[in-house]
1. Can you sort 237, 129, 78 by how many other beta carbons sit within 10 Å, fewest first?
2. Once you put a point 7 Å from the Cα of residue 194 and another 7 Å from the Cα of residue 42, both along the Cβ direction, what distance in nm separates them?
3. Farthest toward the dipole's positive end in the range 43-147, which of 136, 123, 146, given Cβ charges of +1 (Lys, Arg) and -1 (Asp, Glu) about the Cα centre?
4. Highest first, please rank the peptides 81-88, 112-119 by the mean number of other Cβ atoms sitting within 10 Å of their residues.
5. What ranking of 96, 110, 235 emerges when the number of other C-beta atoms within 10 Å of each C-beta is taken as an exposure proxy, fewest first?
6. Which order, highest average first, do 37-50, 143-156 follow once you tally other Cβ atoms within 10 Å for each residue and take the mean per peptide?
7. To the nearest 20 debye, what is the magnitude of the charge dipole of the range 43-147 about its Cα centre, counting +1 on the Cβ of each Lys and Arg and -1 on the Cβ of each Asp and Glu?
8. At 0.36 nm per residue, and after removing the present C-alpha to C-alpha distance, how many nm does the segment from residue 153 to residue 91 gain when stretched out fully?
Amino acid sequence: MTHRFARFACTALAFWVLAAPSWGAERTVTVTGSGEILAEPDRATVLLGIEARKPQMAAARTEVARGVDGILKLTRDLKIDPKFVRTTRLNVQPEYDWNNPERQRKLIGYYVMRQVEIDLRDLEQLGTLLERAVTLGANQVGEVQLDSTRRRDLERQALAKAVEDARLNADVAARAGGARLGAVLSISTSGAVMPPQPMPYERVSMKAAMSSDAGRAETYQIGQMNFSATAQVSYDLIVP
């Protein structure tokens, strides 16, 4: 009997806590606004990989080193600032083949790989960089990441537009209800960046490198970046 009474008391208390705020409900309006900024990207992160598989480690390392040196020289020829060029450590892995009858593995060669990451600030050079890098030995070309050096400023512009859009929506709602806006009570925001989808650079580059006019760099359509933001804002309502 005591346990049943305790459960009833807890249930009644929970109902009172949830229902109590409705007795003194505030006069507020909560709205959502959105903002969008379009901008041209002005930088691209290009990841070029050189990998080789050879029976002898020295031969694989020599091939990779030749490709890396060629790409680094290419960046100098294009007058890309060295501070925007980074090479990764050499990755060397032995490769084995499993001999099932003898129940043992046999060394068949070595896999060697190294990457060059380039923060390209002149997008007019993108086609030339990709095409010539492939001819110099880059056999792994990552998806090009387009971005803007003004990213933070553009994100803030989109956010400001979203908050302003929310204010306009709130003002319309308040007037329609015979009230006017008071102070801002809360603001909740979120944002997103949609970079343009680059072409399949690796496939295009490989094809161009093997074609008869491989010396002519491809022209790439870059597109625009979309900086968007949403804002949920609550206002106090002033009723005459």
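Please treat every number below as a calculation from the coordinates, not as lab data. All values reported here derive from a predicted model rather than from experimental measurement. Here Cβ is always computed from backbone atoms with ideal geometry, including for glycine, and neighbour counts include all displayed protein chains.
1. Values: 237 18, 129 25, 78 14.
Result, fewest neighbours first: 78, 237, 129.
2. Here the answer is 2.4 nm between the modelled labels.
3. 136
4. Details: 81-88: 11.8, 112-119: 19.9.
Ranking the peptides 81-88, 112-119 by packing returns 112-119, 81-88.
5. On the way: 96 11, 110 19, 235 24.
Final ranking by Cβ density, sparse to dense: 96, 110, 235.
6. Details: 37-50: 19.1, 143-156: 15.9.
Listed from highest to lowest mean packing, they are 37-50, 143-156.
7. Working: 17 positive and 15 negative charges, 92 e Å.
Magnitude of the dipole: close to 440 debye.
8. On the way: separation 62, 0.36 × 62 = 22.32 nm, distance 3.84 nm.
Here the segment from residue 153 to residue 91 would lengthen by 18.5 nm.
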